[in-house]
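I have a structure I would like to understand better, so I am pasting it below and will then ask my questions one at a time.
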Amino acid sequence: MGKELKRIVATDCGSTTTKAILIEKREEGYRLVARGEAPTTVEKPFEDVTVGVRNAVQELEELTGLTLLEDTEDEVKFVRPMQDPRTGTDIYVSTSSAGGGLQMLVAGVVKSMTAESAARAALGAGAIVMETIASNDGRLPHERIALVRRLRPDMILLAGGTDGGTVKHVVELAELIRAADPKPRFGSTYRLPVIYAGNKDAREEIQKILGDHVDLYIVDNIRPVLEMENLGPAREKIHDLFMEHVMQQAPGYNKLMAMTDAPIMPTPGAVGYLVERVAREYNLQVVGVDIGGATTDVFSVFLNPDGEPVFNRTVSANLGMSYSISNVMVEAGMENIMRWVPFEMNEADVQNRIRNKMIRPTTIPQTLEALIIEQAIAREALRLAFEHHKAMAVTLRGVQQARDISEAFTQTGTGQTLVNLMALNLLIGSGGVLSHAPRRVQSALMMLDAFQPEGITDLTVDSIFMMPHLGVLAKVNEKAAMEVFFRDCLVQIGTSVSPVGLAKQGKPCLKATLTYPDGHTEQLELSFGEIRRIPLPEGQTLRAVLEPARGFDLGEGRGKTVEAELKGGVVGVIFDCRGRPLQIPEKPAERVELLSRWVEALDVYPLERYRELVRTLEQGHTLGTLGA
């Protein structure tokens, strides 16, 4: 912005809550000063998103004694810095997912190729992909037309064909969109934006078919040749149209845009941008997850076969911890949820609890029993979302295969997942169930169980969910965003050491020689099936010589010794010798015994209360059945 930023206000207008943060430049650099929140006001009776923003920022004013807002009869605006140091802010930025965020329909010729590339472009721009239609998706034309009419997306992305290839199939998709005559979700006074990012030879035909019926925008092909994806132009246009069309229609957003000093970003787009910048700036391979009430977003940056970092984002729109919690039960199955519960319990009781959470989405656990069950469900939501992500974060499909379109219609995609858990350096957890777990070790175990990282991985959580704020700030001042991210946003849980392999319970798995900062050494011998926690404060590191047993791998090959520096954290260093993939016994008694051993080894829950709970349940009682 051409000047030094000394005070920054950022907000995130979520679907239910608007969160505001205040950042100031201190002697040691940029630091978080205060956080405020208020209900989002995009719906009746206010129907003005800036009311929620004003209320959240007023909480910042109350906490700090600063004057940040100036109220006039016609508008609310931020005060610029004056001579009085207690007045004004240098910049105000914001993200938003209020009103359901950016919802898109994606259309492509071949489902496993151009349609998948189009979906990656939309997801990377911060959209929720409502549906993907393709020429070979098995639907009849009238079924596709009915689907497009019913969905009412904010925007459509149409792609298909490599440059110079056949135009027939992408033209047929354009005709289908025209026949459907889709209406936008917000507003009736403007035409639906459609972005064409397909074969350049079809542009003239697409213009003839759609030009008079939708608001058509033409950008570079997202798949100019089979061997390359070009997602940047489509992503940029999606973001521009989100600002110009979708945001303008939502109640009060025109006023919010007038208040901000930088373009508003979709909340997940801002989080994804921050994850990508952290990965590139510090040369890390990263997975980040944001588990919410209705959706679970997974972000990753991994190296492709050419050694280039590739960013991917997926949205599991039916996996969440309140509104979508019943979908988790259906998709995962009760047996998979129950396998994480370290005591025997009636499945019908658990099902009733899940249904109650769905119809009372703002409730939080009031008993230890309810907390354990909720965290068991969270493991399955995270696992399923990550499986979905691994299926989408793949190398390009169709490469080095016959390029005749008729063959492309019949071939199965050959893309291999880019997610390499042994190469993963940093795992970031975010969302209420992870960020606000009563004990950080609970967050650590949920991530270890759901993601099953391999080798040596740093475990962190977003302390108060300010990654969206920092993502949009990074667009303006990356230095400020990164300093606050590492100093005040990320909570360093610790490091996990997870050998890959399987053996019989109790067999040797890992020998570790640890050298602590004060110079003393310690030797550990861990058996298969064991998990152990070594306290090590945040900011400290220890040197480790790790000798996996024959058949186990820590990144250098089976049985090969690894030397590493392990970071401390709130929890410390966790040696996870339970094997990969995790094996949970099917018999209830064996499962309960094994899970209880893990819970006690890490001190996951208050042990006396936990043992009392188990004894109570063993006697056939439940604590606070439905209304707890």
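Restricting to segment 1-42, name every residue that is among the aliphatic types (A, V, I, L, M), more than 16 Å from Asp488 (Cβ to Cβ) and in a strand (DSSP E or B).
Residue satisfying the conditions is Ala38 alone.
Here's another thing I want to ask about it. What are the pairs with Cβ atoms under 7 angstrom where one residue, in segment 345-374, is at negative phi and assigned by TED's automatic domain parsing to the domain that holds Ala437 and the other, located anywhere, is aromatic (Phe, Trp, Tyr) and part of a helix (DSSP H, G or I)? Sequence gap at least six, or different chains.
What qualifies is Leu368/Tyr610.
Looking only at segment 190-213, count every residue that is touching a helix residue (DSSP H, G or I) at 6+ places or on another chain (Cβ under 7 Å), in a loop (DSSP other than H, G, I, E, B) and farther than 17 Å from Ser117 by Cβ and tell me the total.
The number of residues fulfilling the criteria is 2.
Report, by residue number, each residue of segment 43-76 that is part of a loop (DSSP other than H, G, I, E, B) and not aromatic (Phe, Trp, Tyr).
Glu43, Lys44, Pro45, Glu47, Asp48, Gly65, Leu66, Leu68, Thr72, Glu73, Asp74, Glu75
Within the set of pairs 6 or more residues apart or between chains, which connect a residue that is closer than 24 Å to Ser15 by Cβ and not assigned by TED's automatic domain parsing to the domain that holds Arg313 inside segment 119-141 to a residue that is charged (D, E, K, R) and assigned to a helix (DSSP H, G or I) with Cβ atoms less than 6 Å apart?
Matching pairs, first to second residue: Ala121/Arg235; Gly124/Arg235; Ala125/Arg235.
Out of the residues in segment 307-334 that are in a helix (DSSP H, G or I) and without any contact (Cβ under 8 Å) to a residue 40 or more places away in the chain, which is farthest from Ala127 (Cα to Cα)?
Here the answer is Met334.
Kindly indicate the residue of segment 1-40 that is touching a Gly at 6+ places or on another chain (Cβ under 9 Å) and farther than 19 Å from Gly292 by Cβ and also modelled with the highest pLDDT among those meeting that condition.
Going through the qualifying residues, I end up with Leu22.
Then there's this: Identify all residues within segment 230-259 that are in a loop (DSSP other than H, G, I, E, B) and either in contact with a Lys or Arg (Cβ under 6 Å, 6 or more places away or on another chain) or buried (at least 19 other Cβ atoms within 10 Å of the Cβ) (or both); write none if there are none. Walk me through it before giving the result.
From segment 230-259, those in a loop (DSSP other than H, G, I, E, B) are 230-231, 250-252; that's our starting set.
Once the filter is applied, which keeps residues that are in a loop (DSSP other than H, G, I, E, B) and either in contact with a Lys or Arg (Cβ under 6 Å, 6 or more places away or on another chain) or buried (at least 19 other Cβ atoms within 10 Å of the Cβ) (or both), segment 230-259 yields Leu231, Ala250, Pro251, Gly252.
Does segment 58-79 contain any residue that is surrounded by fewer than 19 Cβ atoms within 10 Å (Cβ to Cβ) and under 28 Å from the mean Cα position of the chain (by Cα)?
yes
I need the full set of residues from segment 47-57 which are more than 15 Å from Met257 (Cβ to Cβ) and in contact (Cβ under 8 Å) with a residue 60 or more places away in the chain, in order please.
Glu47, Val51
For segment 240-281, which residues satisfy the criterion of being under 22 Å from the mean Cα position of the chain (by Cα), at pLDDT below 90 and among the aromatic types (Phe, Trp, Tyr)?
Phe242
Tell me the helices (runs of 4 or more DSSP H) entirely within segment 436-514 that contain at least 1 residues that are in contact with a Lys or Arg (Cβ under 9 Å, 6 or more places away or on another chain) and within 30 Å of Ile377 (Cβ to Cβ). Show your work before the answer.
Working: elements: 440-451, 467-474, 478-484.
Filter on segment 436-514 gives 440-451, 467-474.
The values are calculated or read from the model by the stated rules, or taken from the named source; none is laboratory data. Only a predicted model underlies this, so the values are computations on that prediction, with no experimental measurement involved. Reconstructed Cβ throughout: ideal geometry from the backbone, glycine too, with neighbour counts over all protein chains shown.
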